[in-house]
Structures are given as C-alpha cells and as structure tokens.
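For reference, the structure is listed below as structure tokens.
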Amino acid sequence: MLPNDDIISHEKRIEELENKVRFYEELVNQLPHHFTYKNPHIGLQIKKTRTTHSIQNIKKENKEADFQLTCDSLFLFEQLETYFIHIFDAFSHHVTFVDAKGNITLCNQAAADDFGVVRNDIIGKPIQQLLQLPEEKIKALETLRTGTEIYNEEVLDKNYGILNNRIIRDYNGEIFRVISVFHYLNTERDAEKFSLAGRIAAGIAHEVRNPLTTVRGYLQFLQETVSPSNKELFENLLIPELDRANSIITKFLAISKTREFTREPFPINTFLREYIQQLLASEVFLHNISIDYNFSTELDDVLVHIDRHELVQVFLNLFQNAVDAQGEKKLSIQITSYRLDNFVRITFTDNGIGIPTAIQEYIFDPFFSTKDSGTGLGLSVTKKIIQNHNGTLKMTSNQDGTTFTISIPILPKTTLERLNDYK
C-alpha cells in the first residue's frame, strides 16, 4: 500500500493532467471554426476513462504502478502536443507553444509558412529565431517573465495582428508552457494599404492626366509653327517630359486596378532560364555588373501556376532596385532557386549599400521611396504580384547588401489534373 504522501503527490499530478486536458479543450473552443477530429490513436492514448482506471490501480498496487503512472502522464501530455498539431494545422491563425526556457515545442503550419521556415527545423529552437524580433518585444517571453496572460492584444510591429497568450502550469505551480494564438493580419493590412493608395492614386491621376493631354496636344500643334531651333526643344525636352509624367500617372493607376492574370502551369527553372536569365543578359554589359545563377536541379520538373509576364516584371523591379542601391564597388547579383516543403524559393541577392534598418518596414508601402525621382511603386507592385500568385515576398538587408526571398506554392498534381480537365 502506498504512503499517504505518495497518494497526495499522485492526486496532484492527476489534477494537473486533468487541468491540462481542460485547457486544451478551452483552446480548441476558441479557434474560429467548428470541426470534428477522430483518431483511434488518440482514443487509445488520452481517453480519460483509461487514465482514471490507471489511477485507481495505482492507489491499490505497488511502486511499479507508481512509476507507470508518472510515465503515462508525461507520455500523455506529449501525445496531446503531437496530435493537436494536426488540428492546429487546419487554421490560418499562428499557434505556437513555448516551454519555460523560451524554446518552441509546437508550431503550426500557418506560422511556419508565414515566417518562411521549415517547421521541423524550428522545433526546439528559441522563439526569437522564428519571430526575428528583439527579445524585449516578444510577448511570449514577456508572459514567461511576468506570469501574466494576454487577452486580445493588438500587436503593431512588423507582424501585425491580434494576440492571445495562455499559461499551463505544472503541479508545483511553475510555468510549463506558454501557448500563443496569433491572428496574423499582415495580408489584410497590406490589402487595405493598396486599396487606399489605389483610390487616392486614381483620383489624382485622372485630375492630372486630363490637363496633361491638353497641354501635349497644344505643344504638338505649336511645334509645327516654331523655328527649327525651337522644334528641337519641343521634340527633345517638352514633349518627352510630358510623356514621362504621363508614364508615372499610368503606374499610379496600375495599383488602383484589378489586373487580369493569365496563369498557367509552367516549370519554374525553365522560366528562370529562358525568361529571366535571357532578359538580364544584356543588362550585364549595359550596367557592368555580374550575375550568378544557381538553380536547383530538384526543381527542373516542378510546375508552378504563374503569369509569366507579371513574374518577369517582378524580376525587372528587383533588378532596378539593385542597380539603384549600387555602391562604389562593382554590382554583383546572385539568383538561386530551391525547394522548401511545398514551395519554390527564389532568392535575389545583391551586394549594394543595403537598406537602413529604420526604413525596412516601409519599403513595400505604396509611394514610399528613398530616391528623389522615385514613385515608390516598384516594390509595392512587386509584392502585390507575388501575393496574387498566393506567394510571399520577404526582405533582409544589412550594410553588405540585400536579399529578397520569393516563395511560390508548387502546383499539386491534383490541381494540374483539374486544370487539364477544364481545358
């Protein structure tokens, strides 16, 4: 028969385990969708009746049973984390579990995809590696330090959204896990920025374009009446400058319109070799730069669903951005492709002067530019094109250069079959 102290200890552990199960039920209920999840393995491993039966046996049996209860309890919690990940993967919210040391024990697929990491690689690593934020700005670590849960807090840093943090404690009352559920709203915020910028641009552009058209017409008329020396002024300066202004207005209007995309299945490496590599070949001599290409052979037969003309514009914009950021040394660019889970990754790296940290969070905003003659539309349009391909565009930069990372989903065979059937 077990001593009273051991029985009390077991009862505390049992209570702790039951609290954890109830906590998971609460957590699932907070998720934004209804669902039914059935798995015979869970039934075998975490049915409460089975645990209760084991507890009753321990109260009646010996030390060997005592050891069995402890192992079963720990195993049960690990199984909860293992099996609940399949549920959390069904949601667009970010769900992460952090242990008492600040290391990630669970990360759902939405969080991994939005931060551009391989989930298995980030498990066990400090949460700073996932969020790429200073330690003092990470709310999960704040909850670990203070023991204070967070309810529906608006996060206003580069990862915008609504955050909830909850705490699981062990039987000693110490923090065992911090569970974060983050409603990631960057995409919605960017869409609102584009929508607002588009409405403003459309209004301004229409008001300016009409008088420009009138002025250009009169200049063409007057051109026929002036002396030959003044004709050159009209042809080489006045009319070209009006055309340049009209071109800028056209770019403004581009962000206010929903453009027609003609997407088709296409091998990504073929696109990079036959379109991008060929297109940039002439620029190598024109701008005296070097471009190195490294395309993974693993992607030679991989298809993506793309609008080739739109994606060409992406690389032209990134190339122009690199040229504008060229320092005193010769500009060098490296373009690589590789596979990451179900995504194609393309990196575009230059050795320019880099982008100052203070403005990095604004570079994709419409109309934001560090150049006196810039419109601030190149990178914002580039990001919009990638988002229209269901992809992401990320940037890292320092004094040694800048890297843009494009992620585009690989076209699944089932989707390709449906597209072929549709044709």
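Filtering region 273-301 down to residues that are among the aromatic types (Phe, Trp, Tyr) and touching a strand residue (DSSP E or B) at 6+ places or on another chain (Cβ under 8 Å), which residue is nearest to Thr349 (Cα to Cα)? Looking at the filtered set, the residue picked out is Tyr293. So, Thr96, is that one closer than 22 Å to Lys20 by Cβ, assigned by TED's automatic domain parsing to the domain that holds Arg22, among the β-branched types (Val, Ile, Thr) and in a loop (DSSP other than H, G, I, E, B) or not? Considered against the rule, which asks whether it is closer than 22 Å to Lys20 by Cβ, assigned by TED's automatic domain parsing to the domain that holds Arg22, among the β-branched types (Val, Ile, Thr) and in a loop (DSSP other than H, G, I, E, B), Thr96 comes out as no. Which one is farthest from Gly391 (Cα to Cα), of the residues in region 331-346 that are buried (at least 17 other Cβ atoms within 10 Å of the Cβ) and within 18 Å of the chain's Cα centre (by Cα)? Selected residue: Ser337.
Within region 127-178, the residues that satisfy the criterion of being within 18 Å of Arg22 (Cα to Cα) and in contact with a strand residue (DSSP E or B) (Cβ under 8 Å, 6 or more places away or on another chain) are Glu149, Asn164, Asn165, Arg166, Ile167, Ile168, Arg169, Asp170, Ile175, Phe176, Arg177, Val178. Within region 297-325, if we keep just the residues that are touching an Asp or Glu at 6+ places or on another chain (Cβ under 9 Å) and surrounded by fewer than 17 Cβ atoms within 10 Å (Cβ to Cβ), the residue that is modelled with the highest pLDDT turns out to be Arg308. One residue alone among Phe115, Phe97 is touching a helix residue (DSSP H, G or I) at 6+ places or on another chain (Cβ under 8 Å), crowded, with 21+ Cβ neighbours inside 10 Å and under 21 Å from Ile162 (Cα atoms), and that residue is Phe97. For region 278-287, indicate whether the set of residues that are closer than 13 Å to Thr336 by Cα, in contact with a helix residue (DSSP H, G or I) (Cβ under 9 Å, 6 or more places away or on another chain) and assigned by TED's automatic domain parsing to the domain that holds Gly378 is non-empty. There is no residue in region 278-287 that is closer than 13 Å to Thr336 by Cα, in contact with a helix residue (DSSP H, G or I) (Cβ under 9 Å, 6 or more places away or on another chain) and assigned by TED's automatic domain parsing to the domain that holds Gly378.
When Pro366, Pro356 are checked against the criterion of being farther than 26 Å from Leu272 by Cα and in contact (Cβ under 8 Å) with a residue 12 or more places away in the chain, a single residue qualifies: Pro366. Assess whether Ala322 counts as being without any contact (Cβ under 8 Å) to a residue 40 or more places away in the chain and of a type in the set (A, V, I, L, M, F, W, C). For Ala322, the condition - without any contact (Cβ under 8 Å) to a residue 40 or more places away in the chain and of a type in the set (A, V, I, L, M, F, W, C) - is not met. Restricting Leu393, Leu416, Leu411 to those that are closer than 21 Å to Ala110 by Cα and either at pLDDT below 90 or of a type in the set (D, E, K, R) (or both) reduces the list to Leu411.
The values are calculated or read from the model by the stated rules, or taken from the named source; none is laboratory data. Note that the structure is predicted; figures quoted are calculated from it, not measured. Note that we place each Cβ from the backbone using ideal geometry, even for glycine, and neighbour counts take in every protein chain shown.
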